[in-house]
Amino acid sequence: MSVELNHTIVHARDNRESARFFAELLGLEISGEQGPFVAVELSNGVTLDFAAIPEDRITPQHYAFLVSEEEFEAAYARIEQRGVEHYADPYRRQPNTINHHDGGRGVYFMDPVGHSMELITVPYGGLPS
């Protein structure tokens, strides 16, 4: 068996709010709730398990998602329609635009508690030859 990521926990003030925000922007669905977790399953089977914890214990993290051009187009349209602040760079110096690194497209935005979310259409370093 190869090693694969199965799930990760994403800290949130309100686990349902954060899961819904993420799922709606990416055109996904909440795949279940178990105990303190609200799960959103990605196309590769990995789940993001959103867990509510006290706000002062949340450490902002970075999550990057490789998406198709079509998925990027749809997600970016929702980002713009909803007025979500977004940037072409992780330092938030280039607002309201996207980047074209490695021949693809990318965008950064914050989730409701300040996690940095990134969408890219081409992996860092470009597509394999």
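Scan GLY126, GLY114 and give me the residue that is at pLDDT 95 or above, open to solvent by less than 60 Å² (accessible area, probe 1.4 Å) and more than 22 Å from ASN6 (Cα to Cα).
Numbers: GLY126 fails: at pLDDT 95 or above.
None of the other options fit; the residue is GLY114.
Out of region 92-129, which residues are touching a residue at least 60 places away in the same chain (Cβ under 8 Å) and either farther than 18 Å from GLU71 by Cα or in a loop (DSSP other than H, G, I, E, B) (or both)?
Matches in region 92-129: ASP111, PRO112, VAL113, HIS115.
Determine if region 100-107 includes at least one residue that is touching a strand residue (DSSP E or B) at 6+ places or on another chain (Cβ under 6 Å) and closer than 20 Å to SER18 by Cα.
yes
Being more than 22 Å from TYR124 (Cβ to Cβ) and of a type in the set (Phe, Trp, Tyr) is the filter here, so list the residues in region 21-71 that pass it.
PHE21, PHE37, PHE50
Could you give me the residue pairs with C-beta distances under 9 Å whose first residue belongs to region 38-63 and is over 16 Å from ASN15 (Cβ atoms) and without any contact (Cβ under 8 Å) to a residue 24 or more places away in the chain, whose second residue is outside any loop (DSSP other than H, G, I, E, B) and open to solvent by less than 50 Å² (accessible area, probe 1.4 Å) wherever it lies, and which are 6+ apart or on separate chains?
Qualifying pairs under 9 Å: LEU42/LEU26; LEU42/LEU48; LEU42/PHE65.
Assess whether GLU71 counts as being part of a helix (DSSP H, G or I), closer than 24 Å to HIS101 by Cβ, open to solvent by 70 Å² or more (accessible area, probe 1.4 Å) and free of Cβ contacts under 8 Å to residues at least 12 places away in the same chain.
Working: part of a helix (DSSP H, G or I): yes; closer than 24 Å to HIS101 by Cβ: yes; open to solvent by 70 Å² or more (accessible area, probe 1.4 Å): yes; free of Cβ contacts under 8 Å to residues at least 12 places away in the same chain: no.
Criteria not met by GLU71.
Evaluate the following for ARG105: is it buried (at least 16 other Cβ atoms within 10 Å of the Cβ) and among the basic types (Lys, Arg)?
yes
Of the conditions (1) farther than 29 Å from LEU127 by Cβ; (2) open to solvent by 40 Å² or more (accessible area, probe 1.4 Å), ARG78 satisfies every one except a single condition; which number is it?
For ARG78, the exception is condition (1).
The values are calculated or read from the model by the stated rules, or taken from the named source; none is laboratory data. Note that the coordinates shown come from a computational prediction; the quantities given were computed from them, not determined experimentally. In this analysis, Cβ positions are derived from the backbone assuming ideal geometry, glycine residues included, and neighbour counts consider all displayed protein chains. Ligands, DNA and RNA are stripped out before the accessible areas are found, and what is left, the full protein with its side chains, is counted by its heavy atoms. Shrake-Rupley method; radii C 1.70, N 1.55, O 1.52, S 1.80 Å.
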